[in-house]
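What follows is a set of notes on a single structure, which appears directly below.
The values are calculated or read from the model by the stated rules, or taken from the named source; none is laboratory data. Here the structure is a predicted model, which means the values were calculated and not measured. So basically every Cβ, Gly included, is an ideal-geometry build from the backbone, and we count neighbours across all protein chains shown. Note: accessible area is taken over every heavy atom of the protein model, side chains too, but ligands, DNA and RNA are not part of it. Shrake-Rupley method; radii C 1.70, N 1.55, O 1.52, S 1.80 Å.
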Amino acid sequence: MNLSPLALRAATLLAEHNLPAALQAAQACLQAEPDNAPVWNLLGVCAARLGQGELAEQCWQQALQLDASVADAHYNLGCLYAETGRPERAEQHYLAELQRQPDHPASLGNLACLLADGGRPDAAQACWEALLRVQPHDGAALAGLAQCHQQRGNPAAAEACWEQLLQQDPHHLVALNNLALLHQQQQRWAQADSLLQHALQQPDPPAEIWLNQANGLLLQGKAEAAHALLQQGIAHHPAAAALHDALGMACSELRLADAAEQALRTAVQLAPQQPRFRQNLGYLLLSQQRWEEGWLLLEARLQRAPGSAGVPQIASPRWQGEALAGKHLLLWFEQGLGDALQFCRYLPLLQPARLTVVCRPELLSLLQSLQLDYPVDWLAMQRLDMDLPAHDCHVFAMSLPRWLAADPASVAPARFVMQSAASGRPATRPRKLGLVWRGHARHPFDHHRSLPDVRLLEPLLTLPGIEWTSLQLPVQAAEQQWLAGFANWQAGENGLDDLAATAAVLGDLDGLVTVDTAMAHLAASLGLPTWLLLSASHTDWRWGWQGETSVWYPAMRLRRQQAAGDWTGLISRLAAELAQPAA
């Protein structure tokens, strides 16, 4: 429809941002031309910009009733509904606008954002790709497409998008930050450091940049550098709770106990609604055997978003230490296998009328060997939203110390009833020790707690009078080839399909040498002498910061690096210890 002089004047005033005059002109035009759909659309724009959302909605709806193809009316309604929290209606109008004009850039971009926020990365990706065909250098589209690739688990494609965006704009903070995070995930530390350093050189970088650079340094074991960087970041962003939390982590790595506690408590004070900060403070206190407050703070993990802490949302009331007489309790073993082995010692103290245990499938046979004096049903954990039997209340395993016995020294490790294959062994046979040198690759700090090279074990494998059995799962081909050169080494990992089978193998050994894995918990629970090799970087909270004994396992001997990364020195000292006659 051609614009009349009145309509043209209203459009001109709107373009000049003279909203009151444009609104008045549009209303005057509609008195003369009540069926003019473009002017109804224009009137809606004026109303929206003046904050009159309901009037704007009525105007755009009227425009579409008069002419279903009027330009931008569907798009305008889509924006209105998106801004007012009605995503389904917004999506309908964006799609209607795209049906009329498939290459409408703003509709493609807004719809992509709407779909991404609604957890539909596949559909969002299609919109971003369509927008990039229209506008190949659209930075927002490249960023949105990269984030979709990340959500869909395609880091290589995401990386390509971020790199393309940085070619267009080398100072793009979002691209610098997100590409650096991808590099950190792949342990490409130098590339990540370079990108984040460049981002920190931009004017007023946000707290997130300081945080990600510091976290990268902490992941590399560079706690001193992280500490200095975080102090700078806090000077720029004193109210950024996440920076204080990270400073607490850095101080903890540097064994600055008071400074670590102060930083973590500051983070909690600045963001009391953030459960992760309380959880980190809890871990610090537990590492110092400050049990009461530590267990209380650890409950914050259950306030995190469902699934983020590895625990499900269970509808029944959470057990909080009340008497369990006549009650059916459901116990969910959270986190890893080692955590389950550590906390199953509390089961005999529960005394419910009935207990249902949900645990990882590898644990079932082993846990069923526990001698409990109440009825127990054992369920293999399938997924976080699995169907659960009727019960009265539930508890997660790491909450048990808070309600039953805060000090673990008062509770003996679980007693698994296993048949030992070592009965009747000859008194003169060589000493038989198990060996585990690598943990789970997906653990965020595995590159610290696992040996970087199996050949570091040579001082142990050349000790006379000791036969070594590998309990490492899996053993790499190159490792097998190297280990085969030692006559006193044998593979023992075949058939270890669950922890009961593993316990049977351990029962034929005189001890175990291992890095920090679930195998350490199992062997020590069985009372087997267990030498636990600990990195000086990112030592787990349960082993504390010092000492050679563990409050959790009397049979465990803690052997620590004297300097971060010094596996050679640690293994040499252990070899000298094992060379001494067995007590």
Can you list the strands (runs of 3 or more DSSP E) lying wholly within the stretch 321-413 that have 1 or more residues being open to solvent by 70 Å² or more (accessible area, probe 1.4 Å) and touching a residue at least 24 places away in the same chain (Cβ under 8 Å)? 354-359
Criterion (polar (S, T, N, Q), within 22 Å of residue 105 (Cα to Cα), under 45 Å from the mean Cα position of the chain (by Cα) and not in a loop (DSSP other than H, G, I, E, B)) met by exactly one of 76, 41: 76
Given the conditions (1) part of a helix (DSSP H, G or I); (2) over 18 Å from residue 564 (Cβ atoms); (3) open to solvent by 50 Å² or more (accessible area, probe 1.4 Å), and given that residue 233 satisfies all but one, which numbered condition is not satisfied? (3)
Suppose we filter 191, 187, 197, 150 for residues that are open to solvent by 60 Å² or more (accessible area, probe 1.4 Å), more than 24 Å from residue 68 (Cβ to Cβ), modelled with pLDDT under 95 and assigned to a helix (DSSP H, G or I); which single one remains? 150
Has the stretch 467-488 got at least one residue that is among the acidic types (Asp, Glu), free of Cβ contacts under 8 Å to residues at least 60 places away in the same chain and over 16 Å from residue 341 (Cα atoms)? yes
Where residue 505 falls short, out of the listed (1) open to solvent by 40 Å² or more (accessible area, probe 1.4 Å); (2) free of Cβ contacts under 8 Å to residues at least 60 places away in the same chain; (3) among the hydrophobic types (A, V, I, L, M, F, W, C): (2)
Looking at (1) of a type in the set (A, V, I, L, M, F, W, C); (2) in a helix (DSSP H, G or I); (3) over 21 Å from residue 335 (Cα atoms); (4) touching a helix residue (DSSP H, G or I) at 6+ places or on another chain (Cβ under 6 Å), which one does residue 523 not meet, given that it meets all the others? (3)
Identify, by number, the condition in (1) in contact (Cβ under 8 Å) with a residue 12 or more places away in the chain; (2) open to solvent by 40 Å² or more (accessible area, probe 1.4 Å); (3) not in a helix (DSSP H, G or I) that residue 203 doesn't meet. (1)
Inside the stretch 510-534, can you point out the residues that are open to solvent by less than 10 Å² (accessible area, probe 1.4 Å), small (Gly, Ala, Ser) and under 30 Å from the mean Cα position of the chain (by Cα)? 520, 523, 524
Which numbered condition trips up residue 489, out of (1) in contact with a Leu (Cβ under 6 Å, 6 or more places away or on another chain); (2) loosely packed, with under 13 Cβ neighbours inside 10 Å? (2)
Verdict on residue 568 being at pLDDT 95 or above, open to solvent by 60 Å² or more (accessible area, probe 1.4 Å) and either among the polar types (S, T, N, Q) or part of a helix (DSSP H, G or I) (or both): yes
Residue 485 being over 24 Å from residue 518 (Cβ atoms) and not acidic (Asp, Glu): yes
What is the number of the single condition among (1) open to solvent by 20 Å² or more (accessible area, probe 1.4 Å); (2) modelled with pLDDT under 95; (3) part of a loop (DSSP other than H, G, I, E, B) that residue 547 does not meet? (2)
Right, residue 536: among the hydrophobic types (A, V, I, L, M, F, W, C) and without any contact (Cβ under 8 Å) to a residue 24 or more places away in the chain or not? no
Just need a number here: residues in the stretch 198-232 that are under 20 Å from the mean Cα position of the chain (by Cα) and charged (D, E, K, R). 1
Residue 216 more than 24 Å from residue 159 (Cα to Cα) and open to solvent by less than 40 Å² (accessible area, probe 1.4 Å): no
Of the residues that sit in the stretch 461-486 and are within 37 Å of the chain's Cα centre (by Cα) and part of a strand (DSSP E or B), which one is surrounded by the most Cβ atoms within 10 Å (Cβ to Cβ)? 468
Which one is most open to solvent (accessible area, probe 1.4 Å), of the residues in the stretch 446-460 that are out of contact with any helix residue (DSSP H, G or I) (no Cβ under 6 Å at 6 or more places or on another chain) and part of a helix (DSSP H, G or I)? 455
Among the residues that make up the stretch 539-557, is at least one of them acidic (Asp, Glu) and over 32 Å from the mean Cα position of the chain (by Cα)? no
Taking residue 293 and the conditions (1) open to solvent by 30 Å² or more (accessible area, probe 1.4 Å); (2) touching a helix residue (DSSP H, G or I) at 6+ places or on another chain (Cβ under 8 Å); (3) among the acidic types (Asp, Glu); (4) touching a residue at least 24 places away in the same chain (Cβ under 8 Å), which numbered condition does it fall short on, given that it satisfies the others? (4)
